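In what follows, a structure is listed as structure tokens, so that the remarks can point back to it.
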Amino acid sequence: MTAVLEARGVTKTFAGITALSSVSLEVQPGERVGLIGPNGAGKTTFFNCLLGVLAPDRGTVLLEGDDVSDLPVHVRSRRGIGRTFQRIELFGESTVREHLLIAERVRRGDGSLWRDLLGRGRPRADELEACDEVLELLGLARLADEPIEHLSLGQGRLVEVGRALMTRPKLLLLDEPSSGLDRRETADLAATLRTVQDEQGFAILLVEHDVELVSSFTERSYVLDFGSLIAEGPTHEVLASAAVREAYLGPEVDAP
Amino acid sequence: MVLAASFVEDLVRGTLQGLPPGAVYGLIAIGFVLAYKTSGVFNLAFGAQAYVSAALYFQARNEWGWSNLAAFVLAVVVVAPAIGLVLERLIFRHLPPGSSLAKLVIAIGLSVALPNLFELIVGFEPVAGRTPEGLLPNGAGVFYDPLGLYSFSRDELTALVVAVLGAAALAALFRFTAIGLQMRAVVESPRMTELNGIRADRVSAFSWALSSFFAGLAGVLIAPRFNTLSAPDFFNLVVVAIAAAAIGKLVSLPRALAGGLGLGVAIAIIDTFLPRIVERQQWLEPIQENVTPAVPFIVLFALVTLWPELRSSKEQTDPLAGVDPPPPTPAALTRSPWLTRITIVFAVCFFLVAGLVVFLRADASWLFVVTQAVILSTIYLSITVLTGFAGQISLCQGAFAAIGGFTVFQLADRFGMSVLVGAVVGACIAAAVSALLALPLVRLGRVWVAIATLAFAAFFDAVVVKLPFVGGGGTSLLQGTRVPRPVIGPWDLADDKAFLVLAVLVFAVAAYVVSAVKTGTVGRTLAALRGSEVASRSIGISPTRARVTAFAISGFLAGLGGAMLSIQQKNVNYASNFAPFAALFWLVLVVSLGARTVEGAAYAGASFSLMDRIIFQGTFIGWILRSEDRIPGVFPLSPKWRFVLFGLTTIAFAKHPEGLVENGKRNAHVRMAKLSARRDAHREPSADDAVPGEAVA
């Protein structure tokens with residue numbers, strides 16, 4: 001089976017400092033994979049290289065076997081990468097439903113200036129239906145017409161997830177979804193994500209430093225430290241390994 | 001050998017000639033950088049401040065008979081810093097950090113308001129042909145020639161010496177005084193400085209005063225170079241200063257000074273050599289005189305679009321920037337369907353009544369201003385699309401409108417083409433130019449888009465308009481850029497009433513286009529981009545495509561409106577209709593009244609051409625009092641109050657980016673809803689008084 005996502009030897013340096021050195025990673029369809037590491041390990045840089053926000057110095061990114069390394073961000077999105085943001089990124093001054101609507105319209109790719117001018121640019125019934133389905137799935141239905149500014153952070157994250165889902169992603173990249181949420185909210189979010197994933201079958205790559213969430217949510221994990229992969233494998237094994245503990249907690253000191 | 005020697009001699013002469021103006025450019029650039037560094041304000045009103053000082057100096061000296069020194073003290077030492085202090089204390093201090101777009105809009109409003117407010121208070125009237133005098137007596141008449149190559153006039157030498165002294169004094173202040181040290185600290189991080197027990201707001205007030213002092217000083221020094229004191233010339237000066245400041249990456253004071261000197265010298269050198277090139281290249285002749293003033297604009301445009309480091313320095317890298325609260329959300333978010341319905345009903349009734357009155361009662365002059373209001377509203381819709389929907393500030397809408405006007409003129413004049421066809425062609429050309437211009441701009445931040453479009457507008461003004469195939473060249477100086485009125489079948493539009501009908505039809509089509517775009521894919525895409533560019537890209541939106549589309553629509557509407565305006569006035573009248581400074585007021589009007597809606601544009605058009613006639617001349621009061629004799633003595637008010645009023649209204653943009661009209665309506669709606677809720681509560685105590693879908697301001 002072709003991997004949904006495959007990164008091969010991604011390397012990125014900033015002004016002589018190696019942020020990523022030859023990182024390779026693979027996500028199979030329907031999998032839940034974690035990418036963990038302490039602050040400054042290069043998680044966000046790697047993320048940005050996958051999405052095309054940053055251009056890696058070396059290495060390739062394959063999406064379902066196709067090399068997408070030279071494609072701009074929005075084209076990669078259309079090819080099937082959906083994402084959420086660590087610092088929430090919503091469209092101000094619009095409602096929850098409008099967030100999903102624009103994503104749906106872009107996915108269908110049938111909107112154009114000429115259609116607008118002919119008066120056919122308004123939301124159509126089938127588009128609204130598709131949005132409401134996802135809103136229902138995420139438990140956001142009753143907030144559909146709320147302005148985004150009225151939402152809590154946790155609800156905002158769900159809207160981001162909903163917006164990403166409208167693009168029918170094959171892979172959903174979650175960028176530190178637990179940041180700013182308390183434990184209960186994080187657990188709720190994880191539960192919702194699992195339900196939705198079971199229904200739609202996309203793969204998830206979770207970038208996170210909350211070890212608890214990673215261990216409960218993902219099946220397999222990669223660990224980054226100082227720009228290099230130091231471990232990979234089933235999440236519980238990875239988290240138990242000495243190297244990972246050392247990266248997070250520092251070298252073990254024998255008691256005198 | 002002889003040739004080489006004379007070449008070097010010319011080069012040195014050009015350099016010497018360029019130093020005095022260059023020093024003044026550098027001085028303005030320093031002041032500009034000072035304000036930008038300490039408060040993050042891209043102070044476009046800097047030219048207005050320089051103008052106020054220059055005009056006050058002139059007024060005190062020539063009209064009030066003050067001595068040079070007394071006039072200088074008043075204009076530069078007292079008033080200039082005072083203006084800076086007032087602006088900082090009353091306006092810019094209260095804006096949240098990070099609201100760079102709001103600050104820019106307010107600065108644009110101020111550059112319209114300040115000169116007019118000053119002229120109203122002091123009673124100053126720019127008089128053509130009265131060249132302002134410099135600081136020393138007989139400044140234009142005494143010459144010095146230290147090197148035997150170029151004779152400096154006394155004014156030029158004064159400018160050079162004072163500018164160098166000013167820059168040196170500033171350097172000393174930074175280096176050797178406590179306040180200088182504090183200023184450097186505030187630049188680094190205002191919050192960090194405050195944590196160390198220094199009051200950043202005081203330091204910021206001081207640097208505003210200082211920067212405004214430099215504006216005033218530069219204004220008085222540069223004034224003798226103009227043959228008339230007028231605000232638009234000083235506005236162009238600020239564009240030059242921004243170019244110089246951009247050479248210093250907007251943060252380095254010494255490099256800003258060097259940039260100013262460099263620009264001055266470059267202009268003088270081109271001035272020296274260009275005539276010789278033109279002798280061989282005849283086609284350059286029409287633009288020969290105007291290439292040199294355009295140099296700073298070209299430099300600025302090139303720097304902004306081609307030098308990524310310049311843009312990345314825009315976010316001040318305050319180590320504590322992360323603790324800033326996010327900018328406040330606008331007061332009102334979504335519009336209730338009720339409000340839309342009321343608006344539509346009101347608009348239909350209003351237009352029916354107003355239309356009937358105009359058709360049955362209006363005389364020729366009323367017809368003229370009403371038609372102008374309708375056409376301007378069409379142009380303003382171009383701002384609605386670009387600023388309201390796409391969130392981009394363009395300062396070159398005047399140029400797009402002028403493209404429409406000139407196309408009609410050229411096609412009718414040369415080929416006898418129907419002006420209506422010409423208008424559509426003109427709109428299409430304007431759309432194409434606008435889309436092309438957008439390509440290098442789509443990746444820039446909003447402030448940089450504004451600056452780059454400003455540079456384009458200034459370039460268009462200085463060079464493109466002078467080209468024979470655009471502005472008509474020499475012949476148009478004698479004959480004007482004449483445009484005939486069209487005839488459609490039996491319908492002769494030379495008749496003003498018939499033309500008004502056409503103008504209303506064109507506006508209706510434009511309004512339909514704008515509202516269809518707003519509710520359609522393009523509008524939703526632009527709204528998403530306005531909200532978050534990264535998030536938009538993450539769902540597959542191409543920012544380039546969306547923004548180029550917005551620019552093209554906007555250019556089309558501006559070009560169409562510009563063509564209509566030229567047909568109405570039977571002349572393009574570029575200088576009074578479409579010059580960059582005139583077009584600046586368009587943006588101010590639309591943004592303060594409402595950039596998000598068609599009705600905002602309509603109100604803006606009405607305000608531009610009808611306000612003077614109806615309100616300032618006292619006509620409206622006369623209608624209410626039912627007699628022209630009872631109009632109070634304060635009327636007629638000067639039409640300049642229009643600029644002051646709307647210029648200052650932009651201050652509200654920081655809180656209410658949706659504009660006055662929309663904000664007022666929402667507030668009224670909320671109040672009504674509360675009232676009715678209270679009434680319900682009397683009848684039924686458990687009633688909920690919250691209004692669904694409405695945020696309370």
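The values are calculated or read from the model by the stated rules, or taken from the named source; none is laboratory data. All values reported here derive from a predicted model rather than from experimental measurement. FYI the Cβ positions are ideal-geometry reconstructions off the backbone, even for glycines, and counts take in every protein chain you see. Heavy atoms of the whole protein, side chains included, go into the accessibility calculation; ligands, DNA and RNA do not. Shrake-Rupley method; radii C 1.70, N 1.55, O 1.52, S 1.80 Å.
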For this session: For the range A:38-50, name all the residues that are open to solvent by less than 20 Å² (accessible area, probe 1.4 Å) and away from chain B (no Cβ under 14 Å).
Result: A:Ala41, A:Gly42, A:Lys43, A:Phe46, A:Cys49
Exercise. Does B:Ala82 qualify as being assigned to a helix (DSSP H, G or I) and open to solvent by 40 Å² or more (accessible area, probe 1.4 Å)?
Worked result: yes
Problem set entry | Among the residues listed as A:Val53, A:Val68, the single one being of a type in the set (Val, Ile, Thr), open to solvent by less than 10 Å² (accessible area, probe 1.4 Å) and without any contact (Cβ under 8 Å) to a residue 40 or more places away in the chain | A:Val68
Exercise. Within the set of pairs 6 or more residues apart or between chains, which connect a residue that is among the acidic types (Asp, Glu) inside the range A:232-251 to a residue that is modelled with pLDDT of 75 or more with Cβ atoms less than 6 Å apart?
Worked result: A:Glu232/A:Tyr222
Exercise. Which helices (runs of 4 or more DSSP H) sit wholly inside the range B:484-598 and have at least 2 residues that are open to solvent by 20 Å² or more (accessible area, probe 1.4 Å) and more than 11 Å from chain A (Cβ to nearest Cβ)?
Worked result: B:496-519, B:543-569, B:574-577, B:580-593
Exercise. Out of all the residues in the range B:97-115, is one or more touching a Lys or Arg at 6+ places or on another chain (Cβ under 9 Å) and among the small types (Gly, Ala, Ser)?
Worked result: yes
Exercise. Does any residue of the range B:55-76 turn out to be closer than 27 Å to B:Tyr150 by Cβ and small (Gly, Ala, Ser)?
Worked result: no
Problem set entry | The listed residue being within 12 Å of another protein chain (Cβ to nearest Cβ), within 16 Å of the chain's Cα centre (by Cα) and not hydroxyl-bearing (Ser, Thr, Tyr), out of A:Leu158, A:Leu118, A:Leu165, A:Leu113 | A:Leu165
Exercise. What's the number of the condition A:Val211 fails, among (1) away from every other protein chain (no Cβ under 14 Å); (2) open to solvent by less than 50 Å² (accessible area, probe 1.4 Å)?
Worked result: (2)
Seminar exercise, completed: Taking the range A:21-37 and keeping residues among the hydrophobic types (A, V, I, L, M, F, W, C) and either open to solvent by 50 Å² or more (accessible area, probe 1.4 Å) or modelled with pLDDT of 90 or more (or both) leaves A:Val23, A:Leu25, A:Val27, A:Val33, A:Leu35
For this session: Determine, yes or no, whether B:Glu658 is in contact (Cβ under 8 Å) with a residue 40 or more places away in the chain and assigned to a loop (DSSP other than H, G, I, E, B).
Result: yes
Exercise. Looking at the range A:121-147, which of the residues that are at the interface with another protein chain (Cβ under 8 Å from one of its Cβ atoms) and surrounded by 15 or more Cβ atoms within 10 Å (Cβ to Cβ) is nearest to B:Val548 (Cα to Cα)?
Worked result: A:Gly121
Seminar exercise, completed: A:Glu98 fails exactly one of (1) open to solvent by less than 30 Å² (accessible area, probe 1.4 Å); (2) modelled with pLDDT of 90 or more; (3) within 13 Å of chain B (Cβ to nearest Cβ), namely (1)
For this session: Could you grab me the full set of residues in the range A:71-87 that are in contact (Cβ under 8 Å) with a residue 60 or more places away in the chain, more than 19 Å from A:Glu26 (Cα to Cα) and facing another protein chain (nearest Cβ under 9 Å)?
Result: A:Arg78, A:Thr84, A:Phe85
Exercise. Quick check, is A:Ser152 free of Cβ contacts under 8 Å to residues at least 24 places away in the same chain, more than 12 Å from every other protein chain (Cβ to nearest Cβ) and farther than 18 Å from A:Ser77 by Cα?
Worked result: yes
